[in-house]
Amino acid sequence: MRAPAAPRFARAVERMATIVDTHRDYRVLRRMQPMSRAGWLSLRGETLIGCAIDVETTGLEVGRDSIIELALQKFWADASGKIIIAGRRHSWLEDPGSAITPEITALTGIRTADVRGRRIMDPIASSLIADADFVVAHNAAFDRPFLERRLPDAAGRPWICSMKDVDWRGFGFEGRTLSHLLSQMGWFYDAHRASTDVTALLHLLDHGLSPFGTALRHAVNAGRTPSCLVEAVGAAFETKDVLKARGYRWNPAKKLWSKEIPLDAKPQEQAWAVRYVYAGSGAPRFRPLTWVERYADC
C-alpha cells in the first residue's frame, strides 16, 4: 500500500491535533517554525524596526567569560507590534581561545571543536544593530553587557527586554523563561542555542496581548518610559537583608545594592532609604534611566 502524500498526511495530522486540542483534558503543543515574513506592502503608519539577539557564552561573568555564539535577526513591525517583515537570521560561532567546559557543552550543545578557528563577522553584526531603532533580548541584563563588550561599535543603542518589560503575570502567564512562556502559547522548540532562541524570541514578541497589541508593543511602550535607578551607595553591610526584601539587587561590579523605580516614586524611595538604610545620616544616589542606558551595566 502506498504511503499517503506528504501534504495530505500533514493535513490529516493537523486535523487530529485540532480535535485533540479542543478536548478539555488535553493540550497540543506545535513545533515552532522559523519566522519568514515579507509583507512590505502591509507596512503603513508607524513602523517599529528592531534587532532580536541572543548569545551563548562560556559563563556568567562579563569580564572573564566570552561569547561563543551570537545570533541576531532584524525585523519590521506595524504600530500594533505585529511583525510584518522578518529579515535574514544571522548566526556565528566564535572561538573563545580556551576549551569549552563540559557544563557549557551540556547546556548549549557547543563543543570546543565546533568553535575552533571561528569568528563573529563584526561589520555585519554591528551594522544590523546600528540600523535598528532598538535591540531586544529575552534577558537584556545578561545579553547587553556581553554584546557591547564584544562589539563596541554596536554600543549605546536603545534596548528592551522581553522578559522584564512585559507584565507576563498581569496577562495571565506563569513564569518568565522563554521556553515556558512559549509553551503556554502552544509552541515547543529545541532551546539553548542562540540561533533557535532568536526565532523563539520573534514568536514571543509577535504574540497578541489584546487589547494592548502584541508583546512587542507592550515592551516598546515600557522601554520608552523613563525610570530611575536607585543606588544604595555606602549602605552598611547590616542593611543587606532590608535592601533585598525591598527588591534591591547586589551589583558585584559596582559593589552596591540598586533598584529601578518609576520616576514618580523617587520621593517615597528616598524617604524610605534615609530612614531604614542610612538612619538619617545619608541618602541613596539616583540616576535617570532611558532605554539607551537600561540593562547596560546591570
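Any read-out appearing in this document is the output of simple, stated calculations on the displayed coordinates, not a laboratory observation. This one's a predicted model, so the numbers in the text were calculated from it and none came from an experiment. Cβ atoms come from the backbone with ideal geometry, glycine included; neighbour counts cover every protein chain shown.
At a glance:
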| quantity | calculated |
| --- | --- |
| Percent of alpha-carbon pairs separated by more than 15 Å within region 183-225 | 49 |
| Residue exposure sequence - 189, 278 - by fewest surrounding Cβ within 10 Å | 278, 189 |
| Computed [θ] at 222 nm, deg cm²/dmol, the chain (DSSP H ≥ 4; -39,500 (n - 2.57); rounded to nearest 500) | -9000 deg cm²/dmol |
| Stretch gain in nm, segment residue 64-residue 47, where the contour uses 0.36 nm per residue and the Cα spacing is subtracted | 2.3 nm |
| Label point 7 Å beyond Cα of residue 253 along Cβ direction - residues of region 122-151 with amide nitrogen under 17 Å | 137, 139-151 |
| Mean Cβ neighbour count within 10 Å, used as a protection proxy, ranking 132-139, 197-204, 251-258 highest first | 197-204, 132-139, 251-258 |
| Taking region 28-185 and dividing mean pair separation by its residue count, relative contact order in percent (alpha carbons under 8 Å, at least six apart) | 20 |
| Amide H contacts of residue 260 (H built 1.01 Å from N, under 5 Å, at least 5 apart or other chain) | 230 |
| Folded to 0 to 90 degrees: helix 215-224 orientation relative to the chain principal axis, Cα | 20 |
| Length added when fully stretched, residue 112-residue 155, from 0.36 nm per residue minus Cα-Cα | 12.7 nm |
| Total formal charge among the other residues, if their Cβ is under 11 angstrom from that of residue 94, Lys/Arg +1 and Asp/Glu -1 | -1 |
| Burial order of peptide ranges 19-29, 87-97, 155-165 (average beta-carbon count within 10 Å, highest first) | 155-165, 87-97, 19-29 |
| Links that overshoot a 24 Å alpha carbon limit, given the list 164/266; 74/254; 82/164 | 74/254 |
| Rounded to 5, the percent of DSSP beta bridges in the chain classed as antiparallel | 80 |
| Karplus-derived 3J(HN,Hα), 6.51/-1.76/1.60, for each residue of region 86-96, Hz, glycine and proline x | 10, x, 5, 7, 10, 8, 9, 9, 9, 6, x |
| Relative contact order for the chain, counting Cα pairs under 8 Å that sit 6 or more residues apart, in percent | 17 |
| Charge context of residue 216, other residues only, Cβ under 15 angstrom, K/R +1, D/E -1 | 0 |
| Inter-site label distance for residue 237 and residue 264 at 7 Å from Cα along Cβ, in nm | 4.1 |
